[in-house]
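We did not get these values from a lab; they are worked out from the coordinates using the rules stated. Predicted model only: the values in this text are computed from it and were never measured. FYI the Cβ positions are ideal-geometry reconstructions off the backbone, even for glycines, and counts take in every protein chain you see.
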Amino acid sequence: MSDTIQKTNPTPENEPVYVPRVDVRETAEAFVVVADLPGADEKSVEATVQKRVLTIEGWTQLEKPQGGEELGREFGAGRFRRDFALPDAVDPERIQARVKSGVLTVTIPKKEEVKARKIQVTG
Amino acid sequence: MFELSIGPRNPWTIFDELESIQADMNRLLAGAEAPRRTRVAYPPLNVWSTAEGLVLDAEMPGVDPQDVEISVVGDELSLHGKVKGQEPAAGETVLRRERPAGEFQRTLQLPFRANAGAVKATFKNGILRIALPRSEEEKPRKIAIEAN
């Protein structure tokens, strides 16, 4: 298994931070990071790239029903963050991010020059 | 479906090397490469009691609501469905897989018989909310006291 995209250390924070679960796959064109962020929408999640580190972060909140009294809790909400070191072969300018149904998909295109090309062999 | 992290990292973690060795050790010991915590059943649920009955939130990011079946019989609620995993297409390489996928089934005993016809479910940002009202016959009744 290749570890081209690796988790790096989150910066110290004064509150607990959830680390979202992710799937990462590599296609011919790009690296794709898919993160579970239940409760998050486009307003509460942010993806940034700085010094070849992709950071996804944001926050979620539990929506207490009106007049509700909590009986049990198996999942929480709050701040979340995860960092990924990007390989050199990607173009940070063309990263795209999209959130749907509490799932964030970040597409990190590879640089043109590193994409595999088929070279015509002439005889 | 968040992994609860340790929170404030102590200064030791500046030593990336050390942490990476530690992570490798943990991986070896746990026999798994992804950060995992021993989990409750899927989907994890938060439960509230309301004036009408119960409200349940089920955390299921990325699940298509069409793939979830909710059934209420008497005082039993059952959730059944599947989380579609994305199979890598030809030429794709999976570098990391931490998100759960597959079929799930979870059954809960409710503290009352629910009015099955009035159960409401909504899905928003990966969270399924189910409102379960009490059945009519189980609603608390106020009894008027007759005065002489």
What Kirkwood radius, in Å to one decimal, follows from the Cα pairs of chain A? 16.4 Å
Points 7 angstrom from Cα along the Cβ direction at B:ALA41 and A:ALA28: gap in nanometres? 4.5 nm
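Among A:LEU54, A:LEU71, B:LEU132, which comes first, second and so on when ranked by fewest other beta-carbon atoms within 10 Å? All intermediate terms of the calculation are to be shown ahead of the outcome.
Details: A:LEU54 23, A:LEU71 14, B:LEU132 26.
The most exposed by this proxy come first: A:LEU71, A:LEU54, B:LEU132.
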Distance cut-off 30 Å, Cα to Cα: go down the list A:LYS51/A:LYS118; A:LYS110/B:LYS124; B:LYS84/B:LYS120; A:LYS64/B:LYS142; A:LYS43/B:LYS139 and report the pairs above it. A:LYS51/A:LYS118; A:LYS110/B:LYS124; A:LYS43/B:LYS139
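So what's region A:61-123 giving for Cα Rg divided by 2.2 N^0.38 Å, two decimals? Please list the in-between numbers first.
Details: Rg = 21.8 Å, N = 63, 2.2 N^0.38 = 10.6 Å.
Cα Rg divided by the expected 2.2 N^0.38 Å: 2.06.
Order by neighbour count: A:ASP91, A:ASP83, fewest other Cβ atoms within 10 Å first, most last. Could the numbers behind the result be given before it?
Values: A:ASP91 14, A:ASP83 18.
If I rank by nearby Cβ atoms, fewest first, I get A:ASP91, A:ASP83.
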Using a 10 angstrom cutoff on alpha carbons, build the Gaussian network for chain A and name the most mobile of A:GLU70, A:GLU26, A:GLU57. A:GLU70
Tell me, how many Å apart are the Cα centres for region B:111-148 and for region A:58-123? 39 Å
Taking the Cβ of each residue in B:PHE112, A:PHE75 as the centre, tally the other Cβ atoms inside 10 Å and list the residues starting with the fewest. B:PHE112, A:PHE75
